[in-house]
Amino acid sequence: MNNVTVARWIVMVLILSSFLAFPIDMGFAQTANVSESSAMQKVNVNQATVEELQTVRGIGPALAERIVSYREANGKFKSVEELLAIRGIGSVKLDRIKDRITL
């Protein structure tokens, strides 16, 4: 083998080993995980505990307690908009949390 052939082999081995060390992420698996995690992150306001409600960004301990108290006093929520009856939830907050909650 001449020096050019050896150099080509070395370059090829280095390129292939870099792919093994740093695999190319085409984003397919990541997209699937994002979809699954988004679905898993929804919180059912008709069943959630105070602690579970607090996993929703924008719902703190006091608001979570008011949601549970309202549900216990009035029964299950019939619509997401019914949350507007709870002190501390206005239309802006409802818009921010409605994609993270379900009935």
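The values are calculated or read from the model by the stated rules, or taken from the named source; none is laboratory data. Please read these numbers as outputs of a predicted model, since none were measured by experiment. Note: ideal-geometry Cβ built from the backbone for every residue, glycine included; neighbour counts use all protein chains shown.
For this structure, a couple of remarks:
- A count restricted to the range 55-69 and to residues that are in contact (Cβ under 8 Å) with a residue 40 or more places away in the chain and in a helix (DSSP H, G or I) stands at 0.
- Beta carbons closer than 6 Å, at least 6 apart along the sequence or on distinct chains, pair a first residue in the range 85-103 that is within 13 Å of residue 64 (Cβ to Cβ) with a second that is surrounded by 13 or more Cβ atoms within 10 Å (Cβ to Cβ) and among the aromatic types (Phe, Trp, Tyr) for 86/70.
- When we screen 52, 81, 72 for residues that are in a helix (DSSP H, G or I), acidic (Asp, Glu), in contact with a strand residue (DSSP E or B) (Cβ under 8 Å, 6 or more places away or on another chain) and at negative phi, the only hit is 52.
- Among the conditions (1) among the hydroxyl-bearing types (Ser, Thr, Tyr); (2) free of Cβ contacts under 8 Å to residues at least 24 places away in the same chain; (3) surrounded by 14 or more Cβ atoms within 10 Å (Cβ to Cβ), residue 49 misses just one, which is (3).
- Every condition in (1) modelled with pLDDT under 95; (2) more than 20 Å from the chain's Cα centre (by Cα); (3) surrounded by 14 or more Cβ atoms within 10 Å (Cβ to Cβ) holds for residue 56 except the one numbered (2).
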